[in-house]
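Values quoted throughout were computed directly from the atomic coordinates according to the rules given, and no laboratory measurement underlies them. Please read all numbers here as calculations on a predicted model, not as lab measurements. Here the Cβ is made from the backbone with ideal geometry for all residues, glycine too, and neighbour counts use every protein chain on show.
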Amino acid sequence: MSETKEILINSYPRVEGCDFQASWVDEIRINKSAVDRRISSLGGRRTVKKQWQAAWLLKAISCIDLTTLSGDDTPGRVKRLCAKARNPVRPDILEALGFENMKLTTGAVCVYHEMVETAVAALKGSGIPVAAVSTGFPAGLAPLETRLAEIRASVAAGAEEIDIVISRRYVLTGDWRTLYDEVRAYREACGEAHMKSILATGQLGSITKVAKASMVCMMAGADFIKTSTGMEGVNATLPVSLVMIRMIREFYAKTGQKVGYKPAGGISTAKLALQYLMLIKEELGDEWLSPHMFRFGASSLLGDIERQLEHFVTGRYSAANRHSMG
Amino acid sequence: MNISEIFETMSYGPAPEQSDYVHDWLKSHSKGFKLYIGGKWVKSKSSDAFIESHNPATGEYLAKFSVAGADDVDRAVKAAAKAFPEWSALAGHERAKYLYTLARLIQKTSRFMSVLETLDNGKPIRESRDIDIPLVARHFYYHAGWAQLMDQELPDQEPLGVVGQVIPWNFPLLMMAWKIAPAIAAGNCVVLKPAEYTSLTALYFAELCEEAGLPPGVVNIVTGKGDTGAHIVNHPDIAKIAFTGSTGVGRYIREATAGSGKKLTLELGGKSPYIVFEDADIDGAVEGLVDAIWFNQGQVCCAGSRLLVEEGIADRLIEKVKVRLNKFRVGDPLDKTIDMGAIVDPIQLERITTLVNKGADEGAEVWQPDVDCPTTGCFYPPTLITNVTPSNIVVREEIFGPVLTVMTFRTLQEAADLANNTRFGLASSVWSENINRALEIAAMIKAGVVWVNSTNQFDAACGFGGYRESGFGREGGKEGMYEYLKPIGEWQSQDGNLVESPKANDRSSHKHIDRTAKNYVGGKQARPDGGNTRVVLTHDGKVAGRVGDGNRKDIRNAVEAAFKNPGWSSATAHNRAQVIYYIAENLSYRENEVVAQLVSLTGVSKKAAKAEFDMSVSRLFSYAAWADKYDGMVHTPPVKNVALAVHEPIGIMGIVCPDVMPLLSFISLVAPAIAMGNRTVVIPSERYPLLATDFYQILETSDVPAGVINIVTGDREILTEVLAKHDQLEAIWYHGSAEGSRMVEKESAANLKRTWVNDGHSRDWMSAHGEGRRFLREATQVKNIWLPYGD
């Protein structure tokens, strides 16, 4: 095991969760229009320019779960992605930023179970954890035993993070207790691996359901709550993120346990990534601005950030082909 | 700080908005701005002095501008009067094109204007850029639309003439837009005085007027201090004053314009409640507070300055507010990463500090977050005040700064009581996820705006304005257009409204059995408090009977009766309609008697009396019909929102009737008032009171609830003065003499009653001017309930 992996697991003990508390779900009140207004005004209230912007973009890179979740993934494709995770930014740019000694990598590489072994091997010694989507991702409708077995298999293959998908039907029917039990079972199956709980927010119907599902997943011991599989019609959005991270704040206030956050899908520009980081800073605090507590689930975001960084360094607008492919 | 360090700390850096090009413009005016009169930049005739404008965030000198004296204001009024005939005669479409051009120019120069506004006023660039200037453009767009549609939608209305407008410093451009756009859309010409702290954007706007090719004199901008404003207020050739500012100055303007015939709208102070129920989205409510009281440094007339929170969640909410405030960024208003900028002027800063200190002396607990606040410039930190009751000065007084007071409530009723425990009534916010609860309290709050689960939302389509001492009139919406228009041919000559009593020529009563008319108070006949009566003569001087000689205590009792019977105001419109129909029915039974009384008292022909009688019955039918048809509107502002513009009764109204057509005028005034749900204290014709006292017998048989119509007979002017000086009364309609009109307007200044006076003119009660929407508008006030939605 590499050094970083040990830090990740040892310094950031798993979220324990707690017993199911129905009242914590029932009491949740979310006003969608108020959420939307907060988001629409935040962009005008906060911004980062110049070296602040560069530093924040580097932070964003460190929080990316560099992802490939495609039916045509092959070991070759995954190895290339892992190489990009190790060296996400061209060395001359990092040097110009005075960042060459900061050992910048992405936060993780995220793949399907079949690609876990390849990824673990490709990332050996880098300290970059491998995350596996699991539990019948993306729909989560495989038999429960199959789903649990998939988690165990990925952990056995070396995945240190498991991105599970919740059963949306329990949310849609308000069967919170069953949802809790399901996520709790997934958590047990994860063993020492950290669990990200994917809500598939685009399929939950209302922002209040998103909040309630967030709370249930945290009670059940999710280390992260995550918006989307990337396969829903609507994936991560800033308003949904605001609601989820406010639930994280609420859960922390209730239990003292800090749950991480991962927006996934649809975050492909540097500007949007900065808005996410500002939202986290404002609503959760600086402690969450680290790969231990925050991740972007993204595949094309890195490319845009690279171009922005080169622009900062040279003053010239960059081109995609000037940066290595992931 | 290098990149690696920032990477570790994830701090914010400076993000200044560029302003050099605005400074270049200011430098190009280094000799000082002149006055914009008649389309030209002219030197002040009255004074060589200049007023300096400074950036409140830095103290930096920005520019200097002229001081307009009486001569200059007069010149501006003359220029406006000269422009008026042509401007008002333009086709609506032609005026619409000018307003559209202005809207487009504002959009094209929006960043320049935002920066200039922020430099001059100290508000964060985010606010001037994202809120003020877009609303300014929106206002001109919207009113370009009214200019276009006026001929179709407001066909019986005409513009007033020269309008004088005096605006405050907290939203310099936005308030200017709220004033100028509707005024010129309607065909008026304006003389506007911007606030002395913040005149620069108005002067820039004058340049845009030149660029738009606006005809000279349509818009005149005169700068100066309070004296300049006073010259405008007192100028005899100005037809209307529109003022936004403090309640104190508003009161002065009401007194100064009393009897002048000037139309008046006042948008004044507030101490708006911000109510949070336990079923609210608390995080949403906390963020809403940021927009409510820490918007524009709290220098907002409709700022949600009184937080009322349900007791059970108070601690949790206050804790969350504190957490939020600890992330506040206070600083250079031109920085794009701040929440709050500078207070407009050291004088205002001093006022805020003094009030907060006084509040603390009275026992308030003052909390301020531990955030960096610039030590130079005009800054005051966001402030949270707990441990206060309604008697504390910080709860009572409008602070006009970033200061929030917190009180708790137990029930919805108590929340409403606390919300209404103020002289003001401008705005309010209600936070609850239960729509039943939110709409219930929205109806109970006495304020011109209720923002449900939101705050400080504005749109040109939604009228804005206050109840009570927050002023009267609305800005925006169709109701805002009416403030700049008048019905064509509404008033007739000064003659014919009042009728002199003839000389008594026969002491004997011509009636067979003595009838003693009393006052009618709280649904009962009441002997006049003073125990005296007055003789009423027939047209030929015979004694027709006696009526009570009411005094101030009779008025007091009548108002008390109206106050104690609020049910009518919340009765259904259908219910009110039924009662009014029933009055008509019962009146019609007594045709012969009433017609004979009219003939005997007024000396008109039987045919004329019959016509008056028939019209009276018809008029009652009209208002029974209107009771459930003068509906409000549903606005759809350009956000995900509906705004319910509800027509609410004003409350308790005083109605003073003319002598002419004593039955018809009495009914024409009382019926619309009660149809809209008001309770009334009526002073009937002094000359012919018997028509009204006969009428109360009809009321007694018509299921009119007690206290809805109270009738006090006696000396019109004496009784009217008591009404005008009664602070429980919220409106007064007066149809008497010119001098009486002046008195009513003057004495109403104390509690800023809505007044509608005839300035001694008469009205043709038999014509279309005797009934209709005109009366209903005066009998109601618009409350906009904003309902954002989404799930």
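Which of the residues that make up the stretch B:226-244 are surrounded by 24 or more Cβ atoms within 10 Å (Cβ to Cβ) and assigned to a loop (DSSP other than H, G, I, E, B)?
B:238
Restricting the search to the stretch B:186-203, which residues are part of a helix (DSSP H, G or I) and without any contact (Cβ under 8 Å) to a residue 60 or more places away in the chain? Steps first, answer last, please.
Of all residues in the stretch B:186-203, those part of a helix (DSSP H, G or I) come to B:200-203.
Correct list: B:202 only.
Could you list, in sequence order, all residues of the stretch B:1-60 that are within 14 Å of another protein chain (Cβ to nearest Cβ) and within 30 Å of residue B:214 (Cβ to Cβ)? Steps first, please.
Kept after step one, since they are within 14 Å of another protein chain (Cβ to nearest Cβ), are these residues of the stretch B:1-60: B:1-18.
The answer is B:17, B:18.
Return the residues of the stretch B:160-177 that are more than 11 Å from residue B:243 (Cβ to Cβ), surrounded by 24 or more Cβ atoms within 10 Å (Cβ to Cβ) and of a type outside the set (A, V, I, L, M, F, W, C); say none if nothing qualifies.
B:170, B:172
In the stretch A:31-71, what residues are within 22 Å of the chain's Cα centre (by Cα), in a loop (DSSP other than H, G, I, E, B) and under 21 Å from residue A:283 (Cα atoms)?
Passing the criteria: only A:63.
Which one of these is touching a helix residue (DSSP H, G or I) at 6+ places or on another chain (Cβ under 6 Å), farther than 16 Å from residue A:298 by Cβ and either among the acidic types (Asp, Glu) or surrounded by fewer than 20 Cβ atoms within 10 Å (Cβ to Cβ) (or both): A:39, A:30?
Working: A:30 fails: either among the acidic types (Asp, Glu) or surrounded by fewer than 20 Cβ atoms within 10 Å (Cβ to Cβ) (or both).
Unique residue meeting the criteria: A:39.
Hey, can you tell me all the residues within the stretch B:112-142 that are within 14 Å of chain A (Cβ to nearest Cβ) and either out of contact with any helix residue (DSSP H, G or I) (no Cβ under 7 Å at 6 or more places or on another chain) or over 23 Å from residue B:97 (Cα atoms) (or both)? First the steps, then the outcome.
First, pick out the residues of the stretch B:112-142 that are within 14 Å of chain A (Cβ to nearest Cβ): B:114, B:118, B:123-134.
If the condition is that a residue be within 14 Å of chain A (Cβ to nearest Cβ) and either out of contact with any helix residue (DSSP H, G or I) (no Cβ under 7 Å at 6 or more places or on another chain) or over 23 Å from residue B:97 (Cα atoms) (or both), then B:114, B:118, B:123, B:124, B:125, B:126, B:127, B:128, B:129, B:130, B:131, B:134 are the ones that fit.
Scanning the stretch B:207-225 for residues that are in a helix (DSSP H, G or I) and touching a strand residue (DSSP E or B) at 6+ places or on another chain (Cβ under 9 Å), which turns out surrounded by the most Cβ atoms within 10 Å (Cβ to Cβ)? Show your work before the answer.
We begin by selecting, within the stretch B:207-225, every residue in a helix (DSSP H, G or I); these are B:207-212.
Cutting the leftovers down to touching a strand residue (DSSP E or B) at 6+ places or on another chain (Cβ under 9 Å) gives us B:207, B:209-210.
Details: B:207: 15, B:209: 23, B:210: 15.
Taking the candidates together, the pick is B:209.
To keep it simple, each residue is scored yes or no on (1) over 30 Å from residue B:527 (Cβ atoms); (2) crowded, with 19+ Cβ neighbours inside 10 Å; (3) in contact with a Gly (Cβ under 8 Å, 6 or more places away or on another chain).
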position: B:551; (1), (2), (3): no, yes, yes
position: B:584; (1), (2), (3): no, yes, no
position: B:597; (1), (2), (3): no, yes, no
position: B:616; (1), (2), (3): no, yes, no
position: B:623; (1), (2), (3): yes, yes, no
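Please go through the stretch A:211-222 and pick out each residue that is within 14 Å of another protein chain (Cβ to nearest Cβ) and within 17 Å of residue A:163 (Cβ to Cβ). Give the steps one after another, and end with the answer.
Residues of the stretch A:211-222 that are within 14 Å of another protein chain (Cβ to nearest Cβ), as a first pass: A:211-212, A:214-215.
Answer for the stretch A:211-222, where residues must be within 14 Å of another protein chain (Cβ to nearest Cβ) and within 17 Å of residue A:163 (Cβ to Cβ): just A:214.
Restricting the search to the stretch A:282-302, which residues are buried (at least 20 other Cβ atoms within 10 Å of the Cβ) and either assigned to a helix (DSSP H, G or I) or β-branched (Val, Ile, Thr) (or both)?
Within the stretch A:282-302, the subset buried (at least 20 other Cβ atoms within 10 Å of the Cβ) is A:283-284, A:288-289, A:291, A:293-299, A:301-302.
Across the stretch A:282-302, the qualifying residues are A:283, A:288, A:301, A:302.
Could you tell me which of the residues A:37, A:29, A:46 is in contact with a Ser or Thr (Cβ under 6 Å, 6 or more places away or on another chain), within 14 Å of chain B (Cβ to nearest Cβ) and not hydrophobic (A, V, I, L, M, F, W, C)? Give the steps one after another, and end with the answer.
Details: A:37 fails: in contact with a Ser or Thr (Cβ under 6 Å, 6 or more places away or on another chain); A:29 fails: in contact with a Ser or Thr (Cβ under 6 Å, 6 or more places away or on another chain).
Residue meeting the stated conditions: A:46.
So residue A:83 clears everything in (1) away from every other protein chain (no Cβ under 14 Å); (2) buried (at least 18 other Cβ atoms within 10 Å of the Cβ) except one condition, right? Which one?
(2)
Looking at A:232, A:250, A:188, A:192, which is the one that is of a type in the set (Asp, Glu) and within 14 Å of chain B (Cβ to nearest Cβ)? Break it down into steps so the answer makes sense when it comes.
On the way: A:232 fails: within 14 Å of chain B (Cβ to nearest Cβ); A:188 fails: within 14 Å of chain B (Cβ to nearest Cβ); A:192 fails: within 14 Å of chain B (Cβ to nearest Cβ).
Result: A:250 is the single residue among A:232, A:250, A:188, A:192 that is of a type in the set (Asp, Glu) and within 14 Å of chain B (Cβ to nearest Cβ).
Quickly run through the stretch B:657-708 and pick out the residues that are in contact with a Gly (Cβ under 9 Å, 6 or more places away or on another chain), aliphatic (A, V, I, L, M), outside any loop (DSSP other than H, G, I, E, B) and over 14 Å from residue B:550 (Cβ atoms).
Passing the criteria: B:664, B:690, B:699.
Against the condition in contact (Cβ under 8 Å) with a residue 60 or more places away in the chain, within 14 Å of another protein chain (Cβ to nearest Cβ) and either at negative phi or in contact with a helix residue (DSSP H, G or I) (Cβ under 9 Å, 6 or more places away or on another chain) (or both), how does residue A:69 come out, does it pass? First the steps, then the outcome.
Values: in contact (Cβ under 8 Å) with a residue 60 or more places away in the chain: yes; within 14 Å of another protein chain (Cβ to nearest Cβ): no; either at negative phi or in contact with a helix residue (DSSP H, G or I) (Cβ under 9 Å, 6 or more places away or on another chain) (or both): yes.
It is false that residue A:69 is in contact (Cβ under 8 Å) with a residue 60 or more places away in the chain, within 14 Å of another protein chain (Cβ to nearest Cβ) and either at negative phi or in contact with a helix residue (DSSP H, G or I) (Cβ under 9 Å, 6 or more places away or on another chain) (or both).
Can you pull out every residue in the stretch B:263-299 that is out of contact with any Pro (no Cβ under 9 Å at 6 or more places or on another chain), more than 15 Å from residue B:471 (Cα to Cα) and in a loop (DSSP other than H, G, I, E, B)?
Within the stretch B:263-299, B:277, B:278, B:279, B:280, B:281 qualify.
Determine, yes or no, whether residue B:355 is more than 14 Å from every other protein chain (Cβ to nearest Cβ), touching a strand residue (DSSP E or B) at 6+ places or on another chain (Cβ under 9 Å), more than 30 Å from residue B:183 (Cβ to Cβ) and part of a helix (DSSP H, G or I). If you could, list the steps in order and put the result at the bottom.
Working: more than 14 Å from every other protein chain (Cβ to nearest Cβ): yes; touching a strand residue (DSSP E or B) at 6+ places or on another chain (Cβ under 9 Å): yes; more than 30 Å from residue B:183 (Cβ to Cβ): yes; part of a helix (DSSP H, G or I): yes.
For residue B:355, the condition - more than 14 Å from every other protein chain (Cβ to nearest Cβ), touching a strand residue (DSSP E or B) at 6+ places or on another chain (Cβ under 9 Å), more than 30 Å from residue B:183 (Cβ to Cβ) and part of a helix (DSSP H, G or I) - is met.
When the residues of the stretch B:413-454 are filtered to those that are within 14 Å of chain A (Cβ to nearest Cβ) and part of a helix (DSSP H, G or I), which remaining residue is nearest to residue B:289 (Cα to Cα)? Break it down stepwise before answering.
Going residue by residue through the stretch B:413-454, those that are within 14 Å of chain A (Cβ to nearest Cβ) are B:429-435, B:437-438, B:451-454.
Narrowing the set further to residues that are part of a helix (DSSP H, G or I) leaves B:435, B:437-438.
Numbers: B:435: 20, B:437: 20, B:438: 17 Å.
The qualifying residue nearest to residue B:289 (Cα to Cα) is B:438.
Are any residues in the stretch B:245-258 surrounded by fewer than 19 Cβ atoms within 10 Å (Cβ to Cβ) and not in a helix (DSSP H, G or I), and if so, which ones?
Selection gives B:246 alone.
Being part of a helix (DSSP H, G or I) and within 12 Å of chain A (Cβ to nearest Cβ) is the filter here, so list the residues in the stretch B:319-346 that pass it. Explain how you work it out, then say what you get.
Keep residues of the stretch B:319-346 that are part of a helix (DSSP H, G or I), which gives B:319-325, B:346.
The answer is B:319, B:320, B:323, B:324.
Being surrounded by fewer than 21 Cβ atoms within 10 Å (Cβ to Cβ) and on the phi > 0 side of the Ramachandran plot is the filter here; which residues of the stretch B:760-791 pass it?
Across the stretch B:760-791, the qualifying residues are B:772, B:790.
Hey, does the stretch B:732-753 have a residue that's in contact with a helix residue (DSSP H, G or I) (Cβ under 8 Å, 6 or more places away or on another chain) and at positive phi?
Yes, some residue in the stretch B:732-753 is in contact with a helix residue (DSSP H, G or I) (Cβ under 8 Å, 6 or more places away or on another chain) and at positive phi.
Quick one: residue A:55 ticks every box in (1) facing chain B (nearest Cβ under 7 Å); (2) in contact with a Leu (Cβ under 9 Å, 6 or more places away or on another chain); (3) touching a residue at least 12 places away in the same chain (Cβ under 8 Å) except a single one, so which number is it?
Of the numbered conditions (1) facing chain B (nearest Cβ under 7 Å); (2) in contact with a Leu (Cβ under 9 Å, 6 or more places away or on another chain); (3) touching a residue at least 12 places away in the same chain (Cβ under 8 Å), the odd one out for residue A:55 is (3).
Suppose we keep only residues that are touching a Lys or Arg at 6+ places or on another chain (Cβ under 6 Å) and facing another protein chain (nearest Cβ under 7 Å) within the stretch B:281-292. Which one would you say is surrounded by the most Cβ atoms within 10 Å (Cβ to Cβ)?
Across the stretch B:281-292, the extreme among qualifying residues is B:281.
Assess whether residue B:734 counts as being more than 14 Å from chain A (Cβ to nearest Cβ) and among the aromatic types (Phe, Trp, Tyr). Outline the logic, then answer.
Details: more than 14 Å from chain A (Cβ to nearest Cβ): yes; among the aromatic types (Phe, Trp, Tyr): yes.
When the stated conditions are applied, residue B:734 passes them.
For the stretch A:306-326, check the following and say yes or no: at least one residue is within 14 Å of the chain's Cα centre (by Cα), part of a helix (DSSP H, G or I) and either away from chain B (no Cβ under 14 Å) or not small (Gly, Ala, Ser) (or both).
The first filter runs over the stretch A:306-326 and keeps only residues within 14 Å of the chain's Cα centre (by Cα), leaving none.
Scanning the stretch A:306-326 turns up no residue that is within 14 Å of the chain's Cα centre (by Cα), part of a helix (DSSP H, G or I) and either away from chain B (no Cβ under 14 Å) or not small (Gly, Ala, Ser) (or both).
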